[in-house]
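Chemist: One structure, pasted below without further comment.
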Amino acid sequence: MEYTSPNESQTKSIGRQLATMISPGSIITLSGDLGAGKTTFTKGFAEGLGVKETITSPTFSLMNVYPVHEHPEIDTFVHIDTYRLEHEKELIGIGVEDYLAADKTVVIIEWPEKIAGMLKKYEGVIEVEMKNGESNEERVIEVNGIS
Ligand SMILES: Nc1ncnc2c1ncn2[C@@H]1O[C@H](COP(=O)(O)OP(=O)(O)OP(=O)(O)O)[C@@H](O)[C@H]1O
Ligand SMILES: [Mg+2]
């Protein structure tokens, strides 16, 4: 699927929409340059799942874990940002593998390229790619791996 987003709020809305289409245990990767809108998309996605807390970028924490409310199948949302990660081991050390493909859990990963080795172990990863469009604020959002 491919979407064109004209602005930030539309990117959030696409994230919200995707949240209604995924199953528990899903892993979603978000690729795209700095400022492409990965975190913006994640905010909408979390809202769509039913996360009540404000999503902030896990730039230094690497991983933020949020409870999901009022969802029939999902109770945990995990947001990972590997931008400042130096080695996969750091993520393993903070327990990331307990969440990947876990029951009732959905994980979103910004900068997945850094942990390609770890992600190889998982099937059915949904890959979202965000690119600049034709204007300053336009983004093209490609979603692969969802039916
Ligand atoms: N169509 C759009 N979709 C999303 N963000 C947009 C759009 N147009 C402009 N923006 C702006 O681009 C920026 C996107 O920031 P965001 O933090 O979501 O990017 P990111 O991909 O997570 O960056 P980083 O790699 O630094 O984590 C915001 O300042 C937002 O206002
Ligand atoms: Mg970000």
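Chemist: Give the residues of segment 115-130 that are away from ligand 2 (no atom under 15 Å from the Cβ) and either open to solvent by less than 60 Å² (accessible area, probe 1.4 Å) or touching a strand residue (DSSP E or B) at 6+ places or on another chain (Cβ under 8 Å) (or both), sorted by residue number.
Modeler: Ile115, Ala116, Gly117, Met118, Leu119, Tyr122, Gly124, Val125, Ile126, Glu127, listed by residue number.
Here's the yes/no breakdown for (1) under 15 Å from the mean Cα position of the chain (by Cα); (2) within 13 Å of ligand 1 (Cβ to nearest atom); (3) β-branched (Val, Ile, Thr); (4) modelled with pLDDT of 95 or more:
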site	(1), (2), (3), (4)
Met1	no, no, no, yes
Thr4	no, yes, yes, yes
Asn7	no, yes, no, yes
Gln17	yes, no, no, yes
Lys43	yes, yes, no, yes
Thr82	yes, yes, yes, yes
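Chemist: Would a scan of segment 117-126 turn up a residue that is over 23 Å from Tyr3 (Cα atoms), within 16 Å of the chain's Cα centre (by Cα), within 15 Å of ligand 1 (Cβ to nearest atom) and of a type outside the set (A, V, I, L, M)?
Modeler: No, the conditions are met nowhere in segment 117-126.
Chemist: Only one of Gly50, Gly32 is more than 16 Å from ligand 2 (Cβ to nearest atom) and touching an Asp or Glu at 6+ places or on another chain (Cβ under 9 Å). Can you tell me which?
Modeler: Gly50
Chemist: In addition: Being among the acidic types (Asp, Glu), at pLDDT 95 or above and within 12 Å of ligand 2 (Cβ to nearest atom): is that true of Glu73 here?
Modeler: The answer is no for Glu73.
Chemist: Return the pairs, sorted by first residue and then second, in which the second residue is among the aliphatic types (A, V, I, L, M) and open to solvent by 20 Å² or more (accessible area, probe 1.4 Å), the first residue lies in segment 86-107 and is farther than 27 Å from Glu70 by Cβ, the beta carbons are less than 8 Å apart, and the residues are 6+ apart or on different chains.
Modeler: Partner pairs satisfying both residue conditions: Leu91/Met63; Ile94/Met63.
The values are calculated or read from the model by the stated rules, or taken from the named source; none is laboratory data. Only a predicted model underlies this, so the values are computations on that prediction, with no experimental measurement involved. Backbone-built Cβ (ideal geometry, glycine too); neighbour counts: all protein chains shown. Just the protein is used for accessible areas: all its heavy atoms, side chains included, with ligands, DNA and RNA removed. Shrake-Rupley method; radii C 1.70, N 1.55, O 1.52, S 1.80 Å.
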